[in-house]
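Before any comments, here is the structure.
The values are calculated or read from the model by the stated rules, or taken from the named source; none is laboratory data. None of the values given here were measured: they were computed from a predicted structure. When we count neighbours, we look across all protein chains shown, and the Cβ atoms used for this are built from the backbone with ideal geometry, even at glycine.
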Ligand SMILES: [Zn+2]
């Protein structure tokens, strides 16, 4: 059981690496307004994977063309790196963000020369991966997802979780942004 959960946790990391490639946008269409969060609790570690249409983060999905658009991408990446602000784990559990990675083709210069997919112009995404370590994991009761405060066009976040007690899923919305473990 432990090994299985661990390997799924690693699967999330591998998925992050896989999804960071520019081909992702061409592989699968997303729904604007819908972001996804995958969460795994294993021992004292909480792993969170986040993926969102760029539309919901910066309001556009083509490569940034103006200084204003480039600044929007830059500030979105900076905001997404603040995992502790976006995902508020139960305060008493003493969870610290140890690692945060944010990736989007919109932030990659010279990206177009490497991947000439026509579809890439139509859909792009932001991906983020967070690794938390908790001092008192037994006190973990849930997470408050505060993405809606930072990204006003975000309407829905689908959460799926692998918890010590089993798998759970929920759909979060502004005003209903808590996911109980
Ligand atoms: Zn799109």
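Answer yes if at least one residue in segment 150-158 is out of contact with any helix residue (DSSP H, G or I) (no Cβ under 8 Å at 6 or more places or on another chain) and either modelled with pLDDT under 90 or within 15 Å of the ligand (Cβ to nearest atom) (or both), and no otherwise.
Step one: of segment 150-158, the residues out of contact with any helix residue (DSSP H, G or I) (no Cβ under 8 Å at 6 or more places or on another chain) are 152, 156, 158.
In the following step, the residues that additionally are either modelled with pLDDT under 90 or within 15 Å of the ligand (Cβ to nearest atom) (or both) were identified as 152, 156.
Yes, segment 150-158 contains at least one residue that is out of contact with any helix residue (DSSP H, G or I) (no Cβ under 8 Å at 6 or more places or on another chain) and either modelled with pLDDT under 90 or within 15 Å of the ligand (Cβ to nearest atom) (or both).
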Inset, instruction - State yes or no: is residue 138 under 23 Å from residue 96 (Cα atoms) and out of contact with any strand residue (DSSP E or B) (no Cβ under 9 Å at 6 or more places or on another chain)? - result: yes
Inset, instruction - Report whether or not residue 121 is surrounded by fewer than 14 Cβ atoms within 10 Å (Cβ to Cβ) and either within 20 Å of residue 147 (Cα to Cα) or at pLDDT below 95 (or both). - result: yes
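Looking at segment 60-68, is at least one residue within 11 Å of the ligand (Cβ to nearest atom), modelled with pLDDT of 90 or more and within 16 Å of residue 101 (Cβ to Cβ)? Explain how you work it out, then say what you get.
At the first step, the residues of segment 60-68 found to be within 11 Å of the ligand (Cβ to nearest atom) are 60-62.
Imposing the further condition that a residue be modelled with pLDDT of 90 or more reduces the set to 60-62.
This time we only want the ones that are within 16 Å of residue 101 (Cβ to Cβ), so: none.
No: segment 60-68 contains no residue that is within 11 Å of the ligand (Cβ to nearest atom), modelled with pLDDT of 90 or more and within 16 Å of residue 101 (Cβ to Cβ).
Restricting attention to segment 78-95, report how many residues are buried (at least 18 other Cβ atoms within 10 Å of the Cβ) and under 14 Å from residue 150 (Cα atoms). Show your work before the answer.
First pass over segment 78-95, keeping only residues buried (at least 18 other Cβ atoms within 10 Å of the Cβ): 80, 83, 86-87, 89-90, 93, 95.
Next cut, under 14 Å from residue 150 (Cα atoms) only: 80, 83, 86-87.
Number of matching residues: 4.
Would you confirm, using the coordinates I've provided, whether residue 80 is away from the ligand (no atom under 16 Å from the Cβ), at pLDDT 95 or above, under 20 Å from residue 153 (Cα atoms) and outside any loop (DSSP other than H, G, I, E, B)? Please lay out each step first, then the result.
Details: away from the ligand (no atom under 16 Å from the Cβ): yes; at pLDDT 95 or above: yes; under 20 Å from residue 153 (Cα atoms): yes; outside any loop (DSSP other than H, G, I, E, B): yes.
Answer is yes for this residue.
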Inset, instruction - State whether the residues of segment 36-55 include one that is out of contact with any helix residue (DSSP H, G or I) (no Cβ under 9 Å at 6 or more places or on another chain), in a helix (DSSP H, G or I) and surrounded by 15 or more Cβ atoms within 10 Å (Cβ to Cβ). - result: yes
